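Derivation of every value follows stated rules applied to the coordinates shown; laboratory data play no part. Remember, it's a predicted structure, so these values are computed and weren't measured experimentally. Positions of Cβ are generated from backbone atoms using ideal geometry, with glycine treated the same way; all protein chains shown enter the neighbour counts.
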Ligand code: ZN
């Protein structure tokens, strides 16, 4: 458990200091805004979906280390994937941070596995899942404000 906690802090700090895909892509077909009022996290997720695949993704926003790192890692994990794959990943990630054992464990989370560390800090679960909820709203092209309360 200690190793996982160290890895968790290391990976989160790295992505917080150097967020990946922290930009509005040249092409945007859909986007959504998310807020986590509990912590003050804000994120906008931009997507360009072509032939059922998220070929471009980026985000902007401000928030705590966990929300920023989660958004950064979410964009890395999702880029190039099909909408179906992204939905599976979302459910798997959500299951990971909320300890929901009913979620299909066959979906490979890769580096996202470090977010299992969030379960030790229940108040941070909303920080970690904000970007993902906002991503799903963008996929559905709701364009509306998502709050994680
Ligand atoms: Zn937060």
Could you tell me how far the Cα centroid of region 86-117 sits from the Cα centroid of region 1-78, in Å? 16
Let's test this: bin the Cα-Cα distances of region 38-94 at 10 Å from zero up to the farthest pair and state each bin's percent. 23, 50, 24, 2
Computed over the chain: longest principal axis from alpha-carbon atoms vs helix 83-98 long axis, angle to nearest 10 degrees, is 30
Under 8 Å for C-alpha pairs, at least 6 residues apart: give me the relative contact order for the chain, rounded to a whole percent. 31
As I understand it, the value is the acute angle between the Cα axis of helix 2-17 and the longest principal axis of the Cα atoms of the chain; what does it come to in degrees, rounded to 10? 40
To the nearest µm²/s, what D does Stokes-Einstein give for region 62-128 at 25 °C and 0.890 mPa s, using the Kirkwood radius over alpha carbon pairs as Rh? 201
I need 123, 83, 97 ordered by Cβ neighbour count within 10 Å, fewest first. 123, 83, 97
Distance histogram in 10 Å bins (all Cα pairs of region 25-140, percent per bin): 15, 49, 32, 4
